[in-house]
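Structure first, commentary second.
The values are calculated or read from the model by the stated rules, or taken from the named source; none is laboratory data. Quantities reported herein were computed from a predicted structural model and do not represent experimental measurements. Here the Cβ is made from the backbone with ideal geometry for all residues, glycine too, and neighbour counts use every protein chain on show.
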Amino acid sequence: MIVAPPYNLGCFEPLAMEIFQERLRKYRAQTFRLAADRRLKDRDQAVDYVNERGFVYFWPITGILLPSLWVAAAGDRPVADEHDDPGHVTWGWKDSLLGQRLWYYAKVLRKKATMISLGAAPYFYALSENYGSAEEDYLIQYEQGHLTQEAKVLYEALLDEGPLDTVALRRVTHMSSPSSEGRFTRALSDLQADFKILPVAVTQAGAWHYAFAYDVVARHYPELPEQARTISESDARRKLVELYFHSVGAAQVNDVCKLFGWKLAVVDQTIQHLVESGVLQRGLSLNTRPGEWVGLAELT
């Protein structure tokens with residue numbers, strides 16, 4: 001059952017809306033690092049930024065409101081096609097930090113490249129379908145139809161062989177042919193999104209001499225399952241939604257559903273808890289998009 005907003009959507013007066021919009025604009029300028037003097041200059045600052053925000057995208061994703069490493073380093077502009085664009089320094093930061101255990105990097109949110117702080121990672125893991133043994137959970141998922149044959153084979157290869165680059169992984173899973181490309185790519189993405197595997201290094205394999213090596217999450221971050229064990233799903237959602245709003249300042253319920261892939265009723269219940277605890281406020285309005293907005297109480 002969806003809880004009705006406790007506020008009258010018509011009670012947010014025009015002057016209050018203008019004040020809120022200006023506060024929100026300034027707030028996002030800070031959290032997205034839009035000012036030139038706030039841009040990230042090196043990989044240490046990048047790690048600090050991810051720790052500050054909890055989680056960000058590597059590149060901005062069309063239609064999704066979330067800070068990204070690109071914008072924080074290069075400014076609020078489209079990702080450049082030119083390889084020598086100075087903004088692409090972020091690519092080097094990302095590659096050099098693979099396997100360093102300074103953040104968690106994989107295709108997670110909407111199966112897009114996501115940087116997650118090690119403090120926030122257990123909350124994501126608590127919402128995955130990993131409940132106990134890395135050697136057994138995937139078999140249960142497969143039997144229940146929650147894991148494709150390709151994902152099962154790929155995961156078993158990493159489980160048995162240890163870290164493998166994509167070229168070797170294709171070979172041992174018999175998915176080297178062009179006809180297997182889509183199924184292989186989907187399996188990689190599905191396993192990353194469910195916190196089963198992640199890239200841990202860049203290798204010189206393949207025609208382009210550039211290929212990710214992947215490993216099993218529970219092996220690369222052996223402490224992560226234990227850290228997540230005591231976190232309930234409701235607590236994990238509240239934590240992640242709170243981090244999200246502390247990054248974006250305000251959003252609509254559908255924005256949260258779209259980002260995390262959660263059902264509307266679950267998102268509404270999570271937001272309502274944060275409203276009742278004084279973190280968020282409902283019933284807000286913005287000129288940018290009609291409908292109810294939810295925002296940080298400190299901005300209203």
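In summary, L65 fulfils each of the numbered conditions (1) within 29 Å of D165 (Cβ to Cβ); (2) among the aliphatic types (A, V, I, L, M); (3) crowded, with 17+ Cβ neighbours inside 10 Å with the single exception of condition (1).
Quick check, is L147 outside any helix (DSSP H, G or I) and either over 19 Å from the mean Cα position of the chain (by Cα) or in contact (Cβ under 8 Å) with a residue 60 or more places away in the chain (or both)? The answer is yes for L147.
You will find that of K263, K239, the residue that is closer than 24 Å to Y104 by Cβ and of a type in the set (K, R) is K239 and no other.
Each residue in the stretch 282-299 was checked for being surrounded by fewer than 21 Cβ atoms within 10 Å (Cβ to Cβ) and either out of contact with any Phe, Trp or Tyr (no Cβ under 8 Å at 6 or more places or on another chain) or not in a strand (DSSP E or B) (or both), and 9 of them qualify.
In this structure, T270 does not qualify as part of a helix (DSSP H, G or I), exposed (fewer than 14 other Cβ atoms within 10 Å of the Cβ) and hydroxyl-bearing (S, T, Y).
No other residue among V241, V217 is under 16 Å from the mean Cα position of the chain (by Cα), hydrophobic (A, V, I, L, M, F, W, C) and under 22 Å from S189 (Cα atoms) apart from V217.
Of the set (1) modelled with pLDDT of 95 or more; (2) surrounded by 13 or more Cβ atoms within 10 Å (Cβ to Cβ), all apply to D44 but (2). When you scan the stretch 161-182, do you find a residue that is over 21 Å from the mean Cα position of the chain (by Cα), among the hydrophobic types (A, V, I, L, M, F, W, C) and not in a helix (DSSP H, G or I), even just one? Scanning the stretch 161-182 turns up at least one residue that is over 21 Å from the mean Cα position of the chain (by Cα), among the hydrophobic types (A, V, I, L, M, F, W, C) and not in a helix (DSSP H, G or I).
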